[in-house]
Amino acid sequence: MKRLLAKVCVVCPVCNLVRKNPYSKFADIWRKVEKFCPFCRAYYSMHNRTNEK
């Protein structure tokens, strides 16, 4: 199940925008939202990353 949720995050246009521009103001705002996103949480747990800059 976690792998399926992580795949949604991989194709998400918002997440891709944040990954391409990690220091933008939008990325700063999105980092606060993605803590609650099940897709982002699955992606970061699968890749052993944190959602920090």
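The values are calculated or read from the model by the stated rules, or taken from the named source; none is laboratory data. Please read these numbers as outputs of a predicted model, since none were measured by experiment. All Cβ positions, even for glycine, are placed from backbone atoms using ideal geometry, and neighbour counts span all protein chains on display.
Values computed for the structure shown
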read-out	value
Condition broken by Lys7, with the remaining ones in (1) in a helix (DSSP H, G or I); (2) in contact with a Lys or Arg (Cβ under 8 Å, 6 or more places away or on another chain) satisfied	(2)
Of all residues in the range 23-36 being closer than 16 Å to Leu5 by Cα and not in a helix (DSSP H, G or I), the one that is modelled with the highest pLDDT	Phe36
Within the range 37-53, considering residues that are part of a loop (DSSP other than H, G, I, E, B) and within 13 Å of Cys9 (Cβ to Cβ), the one modelled with the highest pLDDT	Cys37
Residues of the range 31-53 satisfying the condition of being surrounded by 15 or more Cβ atoms within 10 Å (Cβ to Cβ), without any contact (Cβ under 8 Å) to a residue 24 or more places away in the chain and over 9 Å from the mean Cα position of the chain (by Cα)	none
Qualifying residues in the range 1-30 (those that are β-branched (Val, Ile, Thr) and either under 20 Å from Met46 (Cα atoms) or touching a Phe, Trp or Tyr at 6+ places or on another chain (Cβ under 7 Å) (or both)) - the one surrounded by the most Cβ atoms within 10 Å (Cβ to Cβ)	Val18
